[in-house]
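Structure record follows, encoded as structure tokens.
The values are calculated or read from the model by the stated rules, or taken from the named source; none is laboratory data. None of the values given here were measured: they were computed from a predicted structure. Cβ placement follows ideal geometry from the backbone for every residue including glycine, while neighbour counts extend to all protein chains displayed. Quick note on the areas: whole protein, heavy atoms, side chains included, nothing else; ligands and nucleic acids left out. Shrake-Rupley method; radii C 1.70, N 1.55, O 1.52, S 1.80 Å.
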Amino acid sequence: MSTLVSYAVERGVAVLTVENPPVNALSPGVPQGILEGLAQASADGEVKAVVLIGGGRTFIAGADINEFVKIHEGQGGGLDAILQAVTSLEASAKPVVAAIHGTALGGGLEVAMACHYRIAVAAAQVGQPEVKLGIIPGGEGTQRLPRLAGAKAAVELCAFGEPIPAPQAHAAGIVDRIVEGDLRAGAIDFALGVAGAPPPRTGERTVTADPAIFAAAHQEADKRMRGQTAPHAAIDAVESATRLPFREGCAEEARLFEQCLKSDQSKALVHAFFGERAVAKIPGIGKDTPLLPVRRAAVIGAGTMGGGIAMVYANAGLPIILKETTQEALDRGMGTIRKNYANSVKRGRFTEAAANERLALITPQLTYDGFGECDIVIEAVFENMGLKKQVFAEIDTVARPDAILASNTSTLDIDEIASATKRPEWVIGHHYFSPANVMRLLEIVRGKASSKSVVASSMDLARKLRKVGVLVGNCRGFVGNRMFAPYCRESIFLVEEGAPPELVDGTMYEFGMAMGPLAVQDLAGLDVGWRIRLEYKHTEVPGVRYAELDTLLCERGHYGQKTGRGFYLYDEARKPSPNPQVRELAATVGVPPRAIGKQEIVDRLTCALINEGARILEDGIALRSVDIDIVYINGYGFPAWRGGPMKYADLTGLTAIRDRIRGFGWKPAPLLDRLAGEGSTFAAYDKGKS
Ligand code: 3HC
Ligand code: NAI
């Protein structure tokens, strides 16, 4: 008997319990264990019915995603065992009841749907999230789900991948009963109630649907899952259930599944799934590192970022003080927070009562009162070293000796900021992205003195704040902004060379970026970069090309959205239209204009990111290439289905990337050059380091 599925008989019901922590994935051995248990139950004359349940915190969270990595790397793996298990479960002469708690996701829900009945606790969730891995359900889910819940609900679940709570699944016909109290006992009672009756088999049902459902879903997928192929394949697979007999529909599902699994999109999304979890693992910082509990916080500065950070804490249920220097700035900051919450209520994201609860957790004030009780203080004042040092010197005197002191600086040296305190080991960067309450990324900037405990606690806190924390080293711009600088510069060069801004942005949008680089710069304010450039003018090297167009725009007061004019013109509703002055000013830069194609735009902009990414990696500013990918996916709108810039480079081939870089007349980063020469990848470099 498999050690991953246990077998017990209770009151004449065989109970098969999946024991594959932490999430009972259908790893090799689990489907086999289910099959063995089923065979044993079928042969046992005492057994009248079967219950399939998950041990530990959940039912089955799906196929083992590591198996897909094996397939991507050409090392075997497949769904045969899962397919055998679902077929045998449905064929069983004795009724089989799936008892669901935690999550029944992907292959987990497919196994449950192959059972004759499903019961669940109210807190359980079910879903087909495969599209988030660039694939579609491959365990006959696209065929059974529409037969249980109708095509519309099946399309929604399979194409968009969001799980639903058990009560909703009950209303949709996926779950037969919601049980209160002990699930196992409830499942055995249920099984005894249905024993003896012929088991209903979902595969024997039929389903029809209005074809308009699928047309609408394809349109919706183009919007919600822009650029991705799996959602469309999922819709087609569900559609096949409405016109083909069950087995033929399953064959169609298998064909589409294979196609998706082989795609670069699937490789990229699986990389992003494991990457998001890998970034939490910091070499040298073990699970035994003491964590500082964060129960109360304070943020200094109620501007764009400070206000957003206050909302992040309040949204996670943590009380936070919001400190400003003037009543006017404080009122403005609180006004913005109130407006944001009111908008969320209007959009139905949460109730007014919930918004008020969150607001009540934010205490606006002008003094340092109560700072002594805070476990963390976050500084979010203007980006000015003198001011930051003064603020840190003040915090040093008011904060508890064991409080984390964090700075939200986007460019400044954390070590210099820490030097303003007598406890640099407690100082760290917590770099949020605007809008802080929306963007998932939190760059955690490790200073040379930051203690392990402060680092580990920051990573843990990020998770509690529902952020993706990525540990980065201390350098100008850290990981994200350091790479963003050459990317933005290159986008301006393209315009100077004759590419219209709409073409540059439109091409990158088509590539999958949330926004084009020029539109982003207009949003952030062109004056931000301009001021930095003026400050560092003396460091510019003669003979090196610098972007000039943004300076020319700024000199005319065109700072982007805030002045209604930048790379684009903006109307009252901030709708962009072409700015004719851009072409005129670009012509004065002295680069002869030429026609620039989309491929060149994509290549130059992605190579700008990758080349700097490789330097960052070699400098040890990012721990692994996957950390860079997670930064870009969660903070810069890089499409997850391309895996992040470094995975994109791996999938394209590092030799090709290096040759493109040389072709542009740039110098390849030494690490990139070396890996390309060895025929290697960034992923292999990561493995070599771990
Ligand atoms: N396969 C392999 N490992 C998995 C896994 C899976 N399906 N699901 C989770 N894990 C691993 C994680 O990598 C993590 O490992 P780590 O501790 O070494 O980093 C560990 O389990 C715990 O996962 P989380 O940290 O994500 O735990 P949470 O409690 O936060 O979340 C969860 C649990 C909601 C189940 C979440 O892990 C999740 O969404 N998992 C993926 C579910 C999924 O996509 N299922 C479909 C798989 S594809 C499929 O089933 C194809 C089918 O159609 C044939
Ligand atoms: P902002 O100008 O909107 O807000 C700064 C606020 O700090 C102002 O309200 C000001 O009154 C207040 N302030 C100044 N000195 C203070 C003091 N001594 N005590 C209390 N409050 C004080 O600036 P923003 O954009 O919020 O930036 C803050 C920090 O966050 C900067 O370091 C910036 O580099 C960083 N950052 C900004 C991002 C952005 O997109 N705006 C993104 C990530 C980081």
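Some points to look at:
- Members of region 410-444 found to be under 20 Å from the mean Cα position of the chain (by Cα) and open to solvent by less than 30 Å² (accessible area, probe 1.4 Å), listed by number: His430, His431, Tyr432, Phe433, Ala436, Leu441, Leu442, Glu443, Ile444
- Which numbered condition Val207 misses (of (1) in contact with a Lys or Arg (Cβ under 8 Å, 6 or more places away or on another chain); (2) crowded, with 22+ Cβ neighbours inside 10 Å; (3) part of a loop (DSSP other than H, G, I, E, B)): (2)
- Residue list for region 588-602, filter: assigned to a helix (DSSP H, G or I) and not basic (Lys, Arg): Gln599, Glu600, Ile601, Val602
- Residues within region 45-67 that are on the phi > 0 side of the Ramachandran plot and touching a Pro at 6+ places or on another chain (Cβ under 7 Å), tallied: 1
- Selection status of Ala316, more than 9 Å from ligand 2 (Cβ to nearest atom) and open to solvent by less than 10 Å² (accessible area, probe 1.4 Å): no
- Qualifying residue in region 493-509 (condition: open to solvent by 40 Å² or more (accessible area, probe 1.4 Å), part of a helix (DSSP H, G or I) and assigned by TED's automatic domain parsing to the domain that holds Asp415): no
- Remark: Glu162 falls outside the filter, which requires a residue to be buried (at least 24 other Cβ atoms within 10 Å of the Cβ), at pLDDT 95 or above and either within 16 Å of ligand 2 (Cβ to nearest atom) or under 27 Å from the mean Cα position of the chain (by Cα) (or both).
A quick yes/no check of all residues on (1) open to solvent by 10 Å² or more (accessible area, probe 1.4 Å); (2) in contact with a helix residue (DSSP H, G or I) (Cβ under 8 Å, 6 or more places away or on another chain):
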| residue | (1), (2) |
| --- | --- |
| Asp619 | yes, no |
| Ile628 | no, yes |
| Lys647 | yes, yes |
| Arg660 | yes, yes |
| Trp666 | yes, yes |
| Asp673 | yes, yes |
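- Residue within region 109-131 that is over 15 Å from His170 (Cα atoms), more than 16 Å from ligand 2 (Cβ to nearest atom), open to solvent by less than 10 Å² (accessible area, probe 1.4 Å) and out of contact with any helix residue (DSSP H, G or I) (no Cβ under 7 Å at 6 or more places or on another chain) present: no
- Test: residue in region 53-68 that is touching a residue at least 12 places away in the same chain (Cβ under 8 Å), surrounded by 15 or more Cβ atoms within 10 Å (Cβ to Cβ) and over 30 Å from Ala122 (Cβ atoms): yes
- Scanning region 298-343 for residues being in contact with a Phe, Trp or Tyr (Cβ under 6 Å, 6 or more places away or on another chain) and either among the small types (Gly, Ala, Ser) or within 16 Å of ligand 1 (Cβ to nearest atom) (or both) gives a total of 1.
- For region 120-127, the criterion of being modelled with pLDDT under 95 and among the β-branched types (Val, Ile, Thr) is met by no residue.
- Those residues of region 519-539 which are assigned to a helix (DSSP H, G or I) and touching a strand residue (DSSP E or B) at 6+ places or on another chain (Cβ under 6 Å), in sequence order: Asp522, Leu526
- Within region 266-297, tally of residues that are open to solvent by 30 Å² or more (accessible area, probe 1.4 Å), more than 10 Å from ligand 1 (Cβ to nearest atom) and touching a residue at least 60 places away in the same chain (Cβ under 8 Å): 10
- The requirement of being open to solvent by less than 70 Å² (accessible area, probe 1.4 Å), within 22 Å of Val468 (Cβ to Cβ) and at pLDDT 95 or above is not satisfied by Gly597.
- Scanning region 3-32 for residues that are buried (at least 20 other Cβ atoms within 10 Å of the Cβ) and more than 16 Å from ligand 1 (Cβ to nearest atom) yields Val5, Val13, Ala14, Val15, Leu16, Thr17.
- Exactly one residue among Leu609, Leu585, Leu569, Leu605 is open to solvent by less than 50 Å² (accessible area, probe 1.4 Å), among the hydrophobic types (A, V, I, L, M, F, W, C), without any contact (Cβ under 8 Å) to a residue 60 or more places away in the chain and not in a strand (DSSP E or B), and that residue is Leu585.
- Scope region 337-357; condition surrounded by 15 or more Cβ atoms within 10 Å (Cβ to Cβ) and either free of Cβ contacts under 8 Å to residues at least 40 places away in the same chain or farther than 20 Å from Val299 by Cα (or both); matching residues: Ile337, Tyr341, Ser344, Val345, Ala355
- In summary, helices (runs of 4 or more DSSP H) completely within region 618-690 and bearing 1 or more residues that are on the phi < 0 side of the Ramachandran plot and modelled with pLDDT under 95 occur at 682-689.
- Residue in region 385-400 that is within 11 Å of ligand 2 (Cβ to nearest atom), touching a Leu at 6+ places or on another chain (Cβ under 7 Å), under 26 Å from Met334 (Cβ atoms) and open to solvent by 30 Å² or more (accessible area, probe 1.4 Å) present: no
- Identity of the residue in region 48-69, of a type in the set (A, V, I, L, M, F, W, C) and closer than 21 Å to Asp182 by Cα, that ends up farthest from ligand 1 (Cβ to nearest atom): Ala49
- Under the condition of being open to solvent by 60 Å² or more (accessible area, probe 1.4 Å) and free of Cβ contacts under 8 Å to residues at least 24 places away in the same chain, the residues counted in region 517-566 number 15.
- When region 90-108 is filtered for residues that are more than 28 Å from the chain's Cα centre (by Cα) and surrounded by fewer than 24 Cβ atoms within 10 Å (Cβ to Cβ), the ones remaining, listed by number, are Glu90, Ala91, Ser92, Ala93, Lys94.
- Residues that are within 15 Å of ligand 2 (Cβ to nearest atom) and under 27 Å from the mean Cα position of the chain (by Cα), drawn from region 363-383: Val377, Ile378, Glu379, Ala380
- For Ala216: the one exception among (1) farther than 19 Å from Pro95 by Cβ; (2) crowded, with 19+ Cβ neighbours inside 10 Å: (2)
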